[in-house]
1. Cβ-Cβ under 7 Å, sequence separation 6+ or interchain: first residue in segment 1-15 and closer than 11 Å to residue 27 by Cβ and surrounded by fewer than 18 Cβ atoms within 10 Å (Cβ to Cβ), partner modelled with pLDDT under 85 and of a type in the set (Val, Ile, Thr). Which pairs?
2. Only one of 544, 574, 608, 548 is more than 21 Å from residue 488 (Cβ to Cβ), assigned by TED's automatic domain parsing to the domain that holds residue 462 and in a helix (DSSP H, G or I); which?
3. Could you please let me know if residue 571 is modelled with pLDDT of 90 or more, surrounded by 17 or more Cβ atoms within 10 Å (Cβ to Cβ) and in contact with a helix residue (DSSP H, G or I) (Cβ under 7 Å, 6 or more places away or on another chain)?
4. Mind checking whether some residue in segment 378-394 is among the β-branched types (Val, Ile, Thr), more than 22 Å from residue 478 (Cβ to Cβ) and at pLDDT below 75?
5. Would you call residue 541 crowded, with 20+ Cβ neighbours inside 10 Å and modelled with pLDDT of 90 or more?
6. Being in contact with a strand residue (DSSP E or B) (Cβ under 9 Å, 6 or more places away or on another chain) and more than 30 Å from residue 42 (Cα to Cα) is true for just one of 129, 121. Which residue is that?
7. I'd like to check something: does segment 570-591 contain any residue that is among the hydrophobic types (A, V, I, L, M, F, W, C) and within 18 Å of residue 473 (Cα to Cα)?
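The values are calculated or read from the model by the stated rules, or taken from the named source; none is laboratory data. From a predicted model like this one, the values you see are computed outputs, not experimental measurements. Note that each Cβ is placed from the backbone with ideal geometry, even for glycine, and that neighbours are counted across all protein chains shown.
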Amino acid sequence: MVNLGSSLLSFANSIFSPAFCPGDWVWATIAAGAIIGLLPVVGTLLVALVRKGTGNTYNAATIGVIAAAGGFFVFLMPWLFVMGVSEVFHSVALGQPSGLSAGEVAEVQQGTCWLEEGEAVFFGARSNVYEVLVRPSEGTPMLLLRIMMLIAVPALILLFLWLQARSAMRRGPKWPARLLWAPFVLLVVLSMGVSANVATFLWLGFLPVSILGLMPLLAVGPPSWSVIERSYQKPEPREQRQVPPPQPASQQQQPPRTPPPQGPPPYEPPPPLPQYVPPGGSRTPPPTRVAPPMSSPMSSPMSSPMSAPMPEPEPDRAALAKLAEDPGPLPFAVAGAAAAGAAAAGAGQTRQAPTGLWQNHAGRFQKIKPLGQGGFGTVWLARDTQLDRTVAVKLAHAPDAETEARMMREARALAAVHHPHCVRVYDIIRDPDGLGIVMEYIEGQQLADAVHEGGVLSDVQAARLWTTMAGALTAAHGKGVLHRDVKPANVIVDPGGNPHLIDFGISRAKGDSTLTATGMMVGTPDFMAPETASGQPATPASDAWQLAATVSFALTGQPPRGVRENAMASLMAAAKGEPLTQLPHRSSHLRLLTASLDNDPSRRPTLAAVTREMGMWLGRAGQAAEGPVTRVMGSAR
């Protein structure tokens, strides 16, 4: 330790010896404290760089690296240097070998300024920290100064080391940060035997470096969201398939004997109903479609969708860009009405929907009143006379057969989405006014109206809104369906205060970017992601941006970019990616909202990351993820 201390003091004296009061070696001791203060900064920087590659992967290796960085850079090396510096001055005061040169020893022993007895006596022949604090022998003013230098200053250093550790653990659990700042507490306790004057000037040099040490950590930054997502992925276990041993040819030709089935006979579906023939039309046999085999374990009647969550794959930006164009295979076969329409289009005839197709379903759906009208058609409140329930029917206009085929493909994919906070699709019908999408009718209030009438949401309510809507969008994305128009008006809050995502953009034609052929805008400019506003195709990251904008609105009552004088100005502001001026700066979710509203889709956290972050935040707040996001309005009549 003496050699370490002498080397450190000699180096500090060579780089900083201003030659004025109170003395060169006093300033050298302060400089030595600053050098010691660099060690914890190096340790936290090392951890931050490791997390840039590993994210939130906390296994034995990463925890070992964090613990080693804290133990070596925050405790062991600083403690050795502190003890070494104290021993050097003590040895010089006693005339023993100290590791310093003869010239340096002479400088330490001579008196300077108000230290007439010499710096060696001042540092090496006075009381240690324990004696000064436990058995004080000085007056009250001097004792208060000692307490400030030996307790308050180390407490400030601990505060900034805690901030450094928290900065190194951004976008992840904060508990590993204890491995970085807790060793400093041990350092302070085990330094009680050091000379009080040495400790005082070492802590004075340590403090400014611990404050400035936050700057390089902020420059390094947190790990990217893609790295964080990769750290949460769990490799799927490979199926252990046992290959049976080869059998003789005589045994291979004999089929295995199976015992007679026990219990009721297997279910046999009823014969198909005859195809509907419109008045004056001709019967056209529908094409044969084979339903895809249901080989997933989720298809078992005894399994629950919530019992075995599937791991989320690593996002592929190229594949996500094509998600809106090709949602994947149909979840079930095409109905007869759709087949008849496709056959008519294939024959080169002018596409004309048969009249009274609501009667094609035996008069099943009865119109009650229109609920809303947009660029693609009208949404009707209707009654399902067969099941005696209220439904919403969206009559969407398809300008061509290709658009209609895509609408039906996405409607069928959306019908396979099962999420408690996502609107359900029940059926697809054809009407003279367009293609009819029969959906679940959710009675309640738009989130926009709830915020305007009841005030902005709290952080807990906003976290629940973000979590539930992110889950609904994730379920839809898993079936190949993009929403494209997430906004406060498309979130319905039921009388119990629970949010539901409605009005998926299933009627947008392939190749459309922002404006349709009729000049109608797809999406609301105030809540439109920058890339979609500039004409790029929508992706799941676009839905994530719109959801974050909706949450920001729920916390402020304003769109994140503010309100422009007209829709075109809002669209131009979105396309240019203008700064966000209406963020909830007092909210606990500001950091995650800022990241989710980034102009670059690749830098935004995924919906899975948002769900995880909000879940952990609600857990720390002692709140459940499920619950009302507004006040309970009571049963609507």
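1. Listed by first residue and then by second, the contacts come to nothing, as the list is empty.
2. Only one candidate passes the filter, namely 608.
3. So residue 571 fails the test.
4. The initial filter retains those residues of segment 378-394 that are among the β-branched types (Val, Ile, Thr), namely 378-379, 385, 390-391, 393.
Narrowing the set further to residues that are more than 22 Å from residue 478 (Cβ to Cβ) leaves 378-379, 385, 390-391, 393.
Those still in the list that are at pLDDT below 75 too: none.
No, segment 378-394 contains no residue that is among the β-branched types (Val, Ile, Thr), more than 22 Å from residue 478 (Cβ to Cβ) and at pLDDT below 75.
5. Details: crowded, with 20+ Cβ neighbours inside 10 Å: yes; modelled with pLDDT of 90 or more: yes.
Here the answer is yes, as residue 541 does meet what is asked.
6. From the options 129, 121, the qualifying one is 121.
7. No: segment 570-591 contains no residue that is among the hydrophobic types (A, V, I, L, M, F, W, C) and within 18 Å of residue 473 (Cα to Cα).
This table checks each residue for (1) of a type in the set (S, T, N, Q); (2) within 14 Å of residue 545 (Cα to Cα); (3) at pLDDT 90 or above.
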residue	(1), (2), (3)
577	no, yes, no
586	no, no, yes
620	no, no, no
628	no, no, no
